[in-house]
Amino acid sequence: MMRNRRQFLAAVGGTISIVSVSGCLGVLPSSETDSRYPGGTVVIENNSDQSLTVSITIVEDEYDAAIETSVPAGETQVRRKFVDADAGEVITLAARLGDSGDPATFNFFPAGGENNARPEIARLTVQNAVEASAQWTAERGKR
């Protein structure tokens, strides 16, 4: 009986050690985007129950990148390194949902802000395709 308990505790301890080391090394998936996407990436997440056409452009004239895509209900689309900028440079994105309505604008730092701040990715989360409601958020990206 005592031997089984030792084996069990050794197995649990070994598993915890592996999970701890794997988490520190970034081997295990996490909910944070930090380990998945480089700065300047745009993520479009459609949480509604209908597919939706999304158009994203960069407001600043010196950039020519654009996204025009149809995102199925419940799907997420990713455009890695959509925009590349210098550290501290603010980029403004404009997103239009569907064919009409005013674009929703958003500012973020693709290469990070001042003082060696981490690069950012821009996430557009669509909540309701019928009402064309969506929310922009900035998340940490990897260098």
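The values are calculated or read from the model by the stated rules, or taken from the named source; none is laboratory data. Here the structure is a predicted model, which is why all the values come from computation and not from measurement. No Cβ is skipped: glycine too gets one built from the backbone with ideal geometry, and neighbour counts run over all protein chains shown.
Laid out as a table, the results:
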{"quantity": "Test result for Thr76, in contact (Cβ under 8 Å) with a residue 12 or more places away in the chain, touching an Asp or Glu at 6+ places or on another chain (Cβ under 7 Å) and closer than 22 Å to Pro38 by Cβ", "calculated": "yes"}
{"quantity": "Test result for Asn107, among the polar types (S, T, N, Q), out of contact with any helix residue (DSSP H, G or I) (no Cβ under 9 Å at 6 or more places or on another chain), without any contact (Cβ under 8 Å) to a residue 24 or more places away in the chain and assigned to a loop (DSSP other than H, G, I, E, B)", "calculated": "no"}
{"quantity": "Yes/no for Ala132 being surrounded by 14 or more Cβ atoms within 10 Å (Cβ to Cβ) and modelled with pLDDT under 85", "calculated": "yes"}
{"quantity": "For Asn115: the one exception among (1) at pLDDT below 95; (2) under 16 Å from the mean Cα position of the chain (by Cα)", "calculated": "(2)"}
{"quantity": "The one condition in (1) within 13 Å of Leu124 (Cα to Cα); (2) touching a Gly at 6+ places or on another chain (Cβ under 8 Å); (3) of a type outside the set (Lys, Arg) that Ala87 fails to fulfil", "calculated": "(1)"}
{"quantity": "Test for Asn47: is it farther than 24 Å from Gly141 by Cα and either touching a residue at least 60 places away in the same chain (Cβ under 8 Å) or among the aliphatic types (A, V, I, L, M) (or both)", "calculated": "no"}
